[in-house]
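Novice: A single structure is presented below for examination.
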Amino acid sequence: VADRADIAIVGAGLIGCAIALELAERGRSVVVLERSVPGAEASTVAAGILAPQVEHPDDALLASLGEDSRELHAAWAERLRERVGIDVGFRRTGALVVGHSSGALDARAAHYEARGVAHEKLDGAEARTVEPAISPQVQTAISLPNEAQVEPPRLLRALSLACELAGVRFVRSVVRGVRAEAGRVTGLDLEDGPLAAAEVVVAAGSWTSLVPGAGAAGRGRDGTLREVRPVRGQLVHAEAHPRLVTRLIFGSGGYVVPRGDGRYVCGATTEEAGFEKEVTLGGIHQVLERALVVVPGLASAKLVGHAVSFRPGTPDGRPLVGRGALPGLWIASGHYRNGILLAPITAKLLGAAMAGEADDPRLEALSPRRFEALAEAT
Ligand code: GLY
């Protein structure tokens, strides 16, 4: 077991692996702590949607980070194919947001107009020309040609292999807490002993608020960072031939992600259910109902399976990326619905900040410490 590293990263989800690779390529020695295998939780359950404009029509900051990150994904896909020989399934399929009444998407379109986002407004008939399997009930749609997707299980496999090739060490252990002495981070307490590290990055997704010492002393129980909570998402996997749709389809509160080879991912519930990892009849019913309202032909698709996981939610819906409460402590968590999308930009921005380079101005709004004044006042 490694008992010393420049940097210890808590969590081998996509965010932890992405940061590990960035730091290893910058010449740092990196250990990633994971109680299971890389990507065991949300990172491989996620649908792999890279659609910042669909997700954030009215949040220019997240849309801009997401756009940059979507393009970094394209570059990652190339690099990973060359380096480890895995096709991560990056495809720029574009997205179609659909509405069931004629004015349903006007506010969304106005945001796109104002921000100069590449998009095309369609009526129902036009929408069915580009995607014939869309419901006849659809009255309006917006096509976003630059949105993309990736296959998370392949991405995790490729990225964890690339990490190992770059010298990152993965250690399977339970993290008991962040160690600190004289007001600065000195490493981690693991279930089987201490790990010395000059810097610690907490990238534990929905479990971030359970890591003692990840927050400021005196806040939360054991100095935990309280702001991250699990938001359950249930998904359904299906298969249909011949092909129904080619774009990512969003409507009626759900989405359909076509992999291009007959596989479809339909999602997803958004549930405050703590860490109850149940797949429920109500959840699956809701996912299917929303998918079928938009793409009725999915009714005769083969049911392949279901999945469930937890998105790391935050009070303002924005991630926590940057310096933690102690020197040497860094947080990269709270990516909510967009952990897959935002992994490359998170790694890039955090890697630069950790190297002492000038912070990207967008990091300020993501500061993990932005809720502290609020917490202290209450
Ligand atoms: N990114 C889609 C979801 O979280 O369901």
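Novice: Would you call L248 open to solvent by 20 Å² or more (accessible area, probe 1.4 Å) and closer than 21 Å to G317 by Cβ?
Specialist: Details: open to solvent by 20 Å² or more (accessible area, probe 1.4 Å): no; closer than 21 Å to G317 by Cβ: yes.
So L248 fails the test.
Novice: Being open to solvent by 30 Å² or more (accessible area, probe 1.4 Å) and assigned to a helix (DSSP H, G or I) is the filter here, so list the residues in region 101-129 that pass it.
Specialist: D106, A107, R108, A110, H111, E113, A114, R115, A125, E126, R128, T129
Novice: Within 16 Å of the ligand (Cβ to nearest atom), within 22 Å of V88 (Cα to Cα), open to solvent by less than 60 Å² (accessible area, probe 1.4 Å) and touching a residue at least 60 places away in the same chain (Cβ under 8 Å) - does that describe any residue in region 166-174? Please lay out each step first, then the result.
Specialist: Restricting attention to region 166-174, the residues satisfying the condition of being within 16 Å of the ligand (Cβ to nearest atom) are none.
For region 166-174, residues within 16 Å of the ligand (Cβ to nearest atom), within 22 Å of V88 (Cα to Cα), open to solvent by less than 60 Å² (accessible area, probe 1.4 Å) and touching a residue at least 60 places away in the same chain (Cβ under 8 Å): absent.
Novice: Taking region 297-316 on its own, how many of its residues are under 27 Å from H56 (Cα atoms) and free of Cβ contacts under 8 Å to residues at least 60 places away in the same chain?
Specialist: Summing the residues that are under 27 Å from H56 (Cα atoms) and free of Cβ contacts under 8 Å to residues at least 60 places away in the same chain in region 297-316 gives 1.
Novice: At least 1 residues that are over 18 Å from P145 (Cα atoms) and within 10 Å of the ligand (Cβ to nearest atom) in each: list the strands (runs of 3 or more DSSP E) lying fully within region 227-269 that qualify. Talk me through it step by step, then tell me what you get.
Specialist: Working: elements: 229-239, 248-251, 254-258, 263-267.
By residue number, 229-239, 254-258, 263-267.
Novice: I need a count of the residues in region 326-343 that are of a type in the set (G, A, S) and within 16 Å of the ligand (Cβ to nearest atom). Talk me through it step by step, then tell me what you get.
Specialist: Step one: list which residues in region 326-343 are of a type in the set (G, A, S), which gives 328, 332-334, 339, 343.
Narrowing the set further to residues that are within 16 Å of the ligand (Cβ to nearest atom) leaves 333-334, 339, 343.
Total satisfying the criteria: 4.
Novice: Which residue out of V98, V88, V150 is over 19 Å from G66 (Cβ atoms) and buried (at least 22 other Cβ atoms within 10 Å of the Cβ)?
Specialist: Working: V88 fails: over 19 Å from G66 (Cβ atoms); V150 fails: over 19 Å from G66 (Cβ atoms).
Just one listed residue meets the conditions, V98.
Novice: Between G251, G233, G223, G322, which is touching a Phe, Trp or Tyr at 6+ places or on another chain (Cβ under 9 Å), over 22 Å from G39 (Cβ atoms) and among the small types (G, A, S)? I'd like the intermediate steps shown before the answer.
Specialist: Details: G251 fails: touching a Phe, Trp or Tyr at 6+ places or on another chain (Cβ under 9 Å); G233 fails: over 22 Å from G39 (Cβ atoms); G223 fails: touching a Phe, Trp or Tyr at 6+ places or on another chain (Cβ under 9 Å).
Within the list G251, G233, G223, G322, the selection yields G322.
Novice: Which condition from (1) open to solvent by 70 Å² or more (accessible area, probe 1.4 Å); (2) within 12 Å of the ligand (Cβ to nearest atom); (3) more than 21 Å from I134 (Cα to Cα) is the one that E276 breaks?
Specialist: All conditions are met except number (2).
Novice: Check V201 against each of (1) within 30 Å of L303 (Cβ to Cβ); (2) modelled with pLDDT of 95 or more and name the one condition it does not meet.
Specialist: Only one criterion in (1) within 30 Å of L303 (Cβ to Cβ); (2) modelled with pLDDT of 95 or more is unmet by V201, namely (1).
Novice: Could we say that G39 is open to solvent by less than 30 Å² (accessible area, probe 1.4 Å), in contact (Cβ under 8 Å) with a residue 12 or more places away in the chain and on the phi > 0 side of the Ramachandran plot here?
Specialist: Values: open to solvent by less than 30 Å² (accessible area, probe 1.4 Å): yes; in contact (Cβ under 8 Å) with a residue 12 or more places away in the chain: yes; on the phi > 0 side of the Ramachandran plot: yes.
Judged against the criteria, G39 is a match.
Novice: If G282 passes every condition in (1) within 15 Å of the ligand (Cβ to nearest atom); (2) open to solvent by less than 60 Å² (accessible area, probe 1.4 Å) but one, which one does it miss?
Specialist: The one condition G282 does not meet is (1).
Novice: How about region 28-54: which of its residues are out of contact with any strand residue (DSSP E or B) (no Cβ under 8 Å at 6 or more places or on another chain) and within 13 Å of the ligand (Cβ to nearest atom)?
Specialist: Result: S43, P52.
Novice: Does G89 fit the bill of being in a loop (DSSP other than H, G, I, E, B) and in contact with an Asp or Glu (Cβ under 6 Å, 6 or more places away or on another chain)? It would help to see each step written out before you state the result.
Specialist: Numbers: in a loop (DSSP other than H, G, I, E, B): yes; in contact with an Asp or Glu (Cβ under 6 Å, 6 or more places away or on another chain): yes.
Criteria met by G89.
Novice: Here is a follow-up. Looking only at residues that are modelled with pLDDT of 95 or more, within 19 Å of I7 (Cα to Cα) and more than 15 Å from the chain's Cα centre (by Cα) in region 302-325, which one is nearest to the ligand (Cβ to nearest atom)? Before you say what the answer is, go through the steps one by one.
Specialist: Start the filter on region 302-325 by keeping residues that are modelled with pLDDT of 95 or more, which leaves 302-324.
After this cut, where a residue has to be within 19 Å of I7 (Cα to Cα) as well, the list is 320-324.
Applying the additional criterion that residues be more than 15 Å from the chain's Cα centre (by Cα) yields 322-324.
On the way: G322: 22, R323: 27, G324: 25 Å.
Within region 302-325, the match that is nearest to the ligand (Cβ to nearest atom) is G322.
The values are calculated or read from the model by the stated rules, or taken from the named source; none is laboratory data. Source: prediction; values computed, not measured. Please note: Cβ atoms are built from the backbone with ideal geometry, for glycine as well, and neighbour counts cover all protein chains shown. Note: areas computed on protein heavy atoms with side chains; ligands, DNA, RNA excluded. Shrake-Rupley method; radii C 1.70, N 1.55, O 1.52, S 1.80 Å.
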